[in-house]
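Written below as structure tokens is the structure these notes are about.
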Amino acid sequence: MGSLARDRDFRLFWAGHTVSAVGTHVTAVALPLTAALTLDAGAAGVSAVATAGYLPSVALPLLAGHWLEHRRRRPVMIAADVLRAAALGAVPVAWGFGAMSLGLLVAVALVVGAASVVFDIASFAYVPDLVEDAELAAANRALQGSSTAAQVGGPGIAGLLVQLLGPAFAVLADALSYVASALGIAGARRAEPEPAAQDARPGIGEGVRQIRVSPFLRSLTAHAALYNASAQILVVNLVVLAVKERGLSAGGYGLALSAGGAGAFLGAMLGLRVAARLGYGRAFAVSLVLSTGVPLALPLLPGRGLSYGVLLAACQLLSGIGLGSANVLSVTIRQLLIPRTALARSNGAYRTFTFGVLPLGAALGGVLGGALGSTGAMAVGSAGIALSALPMFTREIRTLRDPHAQRAAASGGTAVGVSGPR
């Protein structure tokens with residue numbers, strides 16, 4: 001990480017970000033488990049709690065991005081952590097007073113999901129102010145690496161906390177993780193720059209306009225939206241195929257999925273090295289070959305039980321490497337090519353398009369699974385994932401070598417960020 005390892009402010013922010021990421025993945029598992037174990041909720045009840053956590057991603061990002069553009073981001077992130085901690089803290093209190101209800105858990109999931117949306121958009125816009133441009137890629141690698149580690153370890157930590165402490169007090173431990181995150185972020189000494197002055201026409205659609213006028217952002221948004229929707233179709237039916245039709249145990253299925261997280265961590269660490277050798281555009285293309293190409297094999301995997309699980313884990317590992325690399329590259333390029341005065345709004349618009357499709361993809365996965373069977377629906381999902389790569393193979397994107405140089409050229413420098421055809 002170079003000088004970032006000696007940057008106290010970044011280390012504190014990174015620690016807070018990591019704890020927050022772990023808390024997010026623990027919450028996603030612990031709240032539905034609380035519904036199932038303390039309220040004996042059935043599938044509908046558990047689904048209601050889980051869905052409530054994702055609902056804010058449908059419309060809130062666009063509003064939050066617009067609202068955040070002219071505010072300091074660090075106080076907002078601290079407030080979001082405190083709000084998440086308070087909402088989750090209500091669960092053990094209600095349990096202690098015998099007032100636990102499904103409605104309470106749905107409300108808590110909704111509040112935590114909304115605060116997480118605001119936190120993530122603020123964080124995206126804050127990092128370029130926290131570190132120098134030359135260190136931005138390394139900072140994103142560190143943040144993406146810890147987010148991926150949280151994705152791998154969070155569900156396991158949630159299960160362990162529920163087993164050791166019981167569901168209600170596992171949620172309390174989760175609440176304390178957000179307190180720790182707030183303290184880490186608040187510990188930074190570096191003053192955050194003054195927010196940008198209000199635009200002459202600060203319309204809520206400015207973030208959408210930033211996506212529309214940028215070839216890279218248009219392509220990336222189309223890719224991510226189709227990928228996320230198709231991935232939901234795939235995953236909804238993969239669990240049925242793997243566990244019910246191929247005889248893979250629930251534990252084996254979980255381990256196979258964890259291989260994807262491990263691959264994403266490895267990809268996050270390797271992505272910048274590949275970009276240094278090939279350029280950002282070509283490194284992105286190599287990443288997409290893995291992240292969108294390998295899933296085509298999933299509906300075709302042979303075997304049953306353990307043999308099927310090993311093949312599934314291998315596919316998850318390879319596609320995860322590509323996904324982790326692509327995530328680091330895409331975040332860095334977006335932060336460098338988007339004007340600083342539009343980072344929050346553009347990220348809000350981006351999340352609206354790319355996260356808002358998740359419920360739609362999950363619902364479509366159920367419909368296709370019923371109509372085509374799990375294997376046929378997985379084939380549709382994997383084909384959609386592969387097709388999602390097409391917008392990223394335009395010449396302008398493939399030849400992007402150095403977004404730092406392109407940013408310098410856009411601001412009046414002499415560097416050229418896009419090479420000629422090769």
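One line per residue, one yes/no per condition, for (1) farther than 17 Å from residue 168 by Cα; (2) outside the structural domain of residue 31 (by TED's automatic domain parsing); (3) out of contact with any Phe, Trp or Tyr (no Cβ under 9 Å at 6 or more places or on another chain); (4) touching a residue at least 40 places away in the same chain (Cβ under 8 Å):
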residue	(1), (2), (3), (4)
49	no, no, yes, yes
53	yes, no, yes, yes
97	no, no, yes, no
106	no, no, yes, yes
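Each residue in the stretch 384-395 was checked for being surrounded by 15 or more Cβ atoms within 10 Å (Cβ to Cβ), over 13 Å from residue 229 (Cα atoms) and among the aliphatic types (A, V, I, L, M), and 2 of them qualify.
Here the condition is being in a helix (DSSP H, G or I), surrounded by fewer than 22 Cβ atoms within 10 Å (Cβ to Cβ), in contact with a Phe, Trp or Tyr (Cβ under 9 Å, 6 or more places away or on another chain) and in the same structural domain as residue 116 (by TED's automatic domain parsing); of 29, 82, 93, it holds for 82 alone. Take the conditions crowded, with 21+ Cβ neighbours inside 10 Å and in contact with a His (Cβ under 7 Å, 6 or more places away or on another chain) and apply them to residue 381. Does it pass? No, not satisfied.
Of all residues in the stretch 68-79, those being surrounded by 18 or more Cβ atoms within 10 Å (Cβ to Cβ) and in contact (Cβ under 8 Å) with a residue 60 or more places away in the chain number 6.
Yes or no: residue 240 in the same structural domain as residue 307 (by TED's automatic domain parsing), at pLDDT below 85, more than 23 Å from the chain's Cα centre (by Cα) and exposed (fewer than 14 other Cβ atoms within 10 Å of the Cβ)? Criteria not met by residue 240. Of all residues in the stretch 354-378, those that are under 30 Å from residue 72 (Cα atoms) and surrounded by 20 or more Cβ atoms within 10 Å (Cβ to Cβ) total 4. Residue check: residue 59 meets all listed conditions (1) in contact with a helix residue (DSSP H, G or I) (Cβ under 8 Å, 6 or more places away or on another chain); (2) of a type outside the set (Ser, Thr, Tyr); (3) surrounded by fewer than 17 Cβ atoms within 10 Å (Cβ to Cβ); (4) free of Cβ contacts under 8 Å to residues at least 60 places away in the same chain but one, namely (4).
Exactly one residue out of 266, 272, 257 is modelled with pLDDT of 85 or more and touching a helix residue (DSSP H, G or I) at 6+ places or on another chain (Cβ under 9 Å), and it is 266. Kindly evaluate residue 113 against the criterion of being small (Gly, Ala, Ser), in contact with a Phe, Trp or Tyr (Cβ under 8 Å, 6 or more places away or on another chain) and touching a residue at least 24 places away in the same chain (Cβ under 8 Å). It is true that residue 113 is small (Gly, Ala, Ser), in contact with a Phe, Trp or Tyr (Cβ under 8 Å, 6 or more places away or on another chain) and touching a residue at least 24 places away in the same chain (Cβ under 8 Å). Suppose the filter is touching a helix residue (DSSP H, G or I) at 6+ places or on another chain (Cβ under 7 Å), closer than 29 Å to residue 263 by Cα, assigned by TED's automatic domain parsing to the domain that holds residue 55 and buried (at least 22 other Cβ atoms within 10 Å of the Cβ); does residue 115 pass it? For residue 115, the condition - touching a helix residue (DSSP H, G or I) at 6+ places or on another chain (Cβ under 7 Å), closer than 29 Å to residue 263 by Cα, assigned by TED's automatic domain parsing to the domain that holds residue 55 and buried (at least 22 other Cβ atoms within 10 Å of the Cβ) - is met. Does residue 349 satisfy being in contact (Cβ under 8 Å) with a residue 12 or more places away in the chain, in contact with a Leu (Cβ under 6 Å, 6 or more places away or on another chain) and buried (at least 20 other Cβ atoms within 10 Å of the Cβ)? Yes: the conditions hold for residue 349.
Does the stretch 60-75 include one or more residues that are within 16 Å of residue 35 (Cα to Cα), in contact with an Asp or Glu (Cβ under 8 Å, 6 or more places away or on another chain) and not β-branched (Val, Ile, Thr)? No; the residues of the stretch 60-75 include none that is within 16 Å of residue 35 (Cα to Cα), in contact with an Asp or Glu (Cβ under 8 Å, 6 or more places away or on another chain) and not β-branched (Val, Ile, Thr). Quick one: is residue 122 buried (at least 22 other Cβ atoms within 10 Å of the Cβ) and assigned by TED's automatic domain parsing to the domain that holds residue 163? So residue 122 passes the test. Residue pairs whose Cβ atoms lie under 8 Å apart, separated by 6 or more positions or on different chains, with the first residue in the stretch 15-44 and free of Cβ contacts under 8 Å to residues at least 24 places away in the same chain and the second part of a helix (DSSP H, G or I), are 32/46; 32/49; 32/50; 36/45; 36/46.
Scan the stretch 9-18 and give yes if some residue there is basic (Lys, Arg), under 22 Å from the mean Cα position of the chain (by Cα), surrounded by fewer than 21 Cβ atoms within 10 Å (Cβ to Cβ) and within 30 Å of residue 134 (Cβ to Cβ), otherwise no. Within the stretch 9-18 (the criterion being basic (Lys, Arg), under 22 Å from the mean Cα position of the chain (by Cα), surrounded by fewer than 21 Cβ atoms within 10 Å (Cβ to Cβ) and within 30 Å of residue 134 (Cβ to Cβ)), the answer is yes, since at least one residue qualifies. Just so you know, in the stretch 382-404 the residues that are among the small types (Gly, Ala, Ser) and out of contact with any Gly (no Cβ under 7 Å at 6 or more places or on another chain) include one that is farthest from residue 244 (Cα to Cα), and it is 389. Just for the stretch 289-302: of the residues that are surrounded by fewer than 23 Cβ atoms within 10 Å (Cβ to Cβ) and in a helix (DSSP H, G or I), which one is farthest from the chain's Cα centre (by Cα)? The selected residue is 300.
The values are calculated or read from the model by the stated rules, or taken from the named source; none is laboratory data. Not measured: the values here are computed from a predicted model. We place every Cβ from the backbone using ideal geometry, glycine too, and count neighbours over all the protein chains shown.
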